[in-house]
Amino acid sequence: MPSFGDINTVYNPTKKLNKEEIIRALQFGIASEYETIQIYQQIMASTDNDAVKTVLTDLTNDEMHHAGALLKLIHILAPDVAAQYEHGADKVLTELGIK
């Protein structure tokens, strides 16, 4: 059962994240966005209710935008990490004969 904390118990970080921790947190955020997309798509596939499908389609698109924004932030903050993603993308293009 979800629980909501009381307004007097707010998490206050004891330190600022370093670059590596920020990148890991952003990657975790991307994974969370993808998980949310999957949940919404499963709900949509499980109903014929047009209102549910309309709202969840909009929310799914928002989550995709969030994932894209977080990934772009990784590209800006950590070009070395972004290069690893690009390497994987290039490898697939080569394997498919597209590049």
What number goes with the only condition from (1) open to solvent by less than 50 Å² (accessible area, probe 1.4 Å); (2) farther than 30 Å from Ile22 by Cβ; (3) of a type outside the set (A, V, I, L, M, F, W, C) that Asn49 does not pass?
(1)
Mind listing just one residue for me: the one in region 52-67 that is free of Cβ contacts under 8 Å to residues at least 12 places away in the same chain and open to solvent by less than 60 Å² (accessible area, probe 1.4 Å) and, of those, nearest to Glu35 (Cα to Cα)?
Asp62
With respect to Ile98, determine if the residue is out of contact with any Phe, Trp or Tyr (no Cβ under 7 Å at 6 or more places or on another chain) and either in a helix (DSSP H, G or I) or touching a residue at least 24 places away in the same chain (Cβ under 8 Å) (or both).
no
In the set Asp90, Asp62, Asp58, Asp80, the lone residue that is at pLDDT 95 or above and within 12 Å of the chain's Cα centre (by Cα) is Asp62
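The values are calculated or read from the model by the stated rules, or taken from the named source; none is laboratory data. Quick caveat, the model's predicted, so the values are computed rather than measured. Methodologically, a virtual Cβ is constructed for each residue, glycine included, from the backbone with ideal geometry; neighbour enumeration extends over all protein chains shown. Protein only, heavy atoms only, side chains kept; ligands, DNA and RNA dropped before computing areas. Shrake-Rupley method; radii C 1.70, N 1.55, O 1.52, S 1.80 Å.
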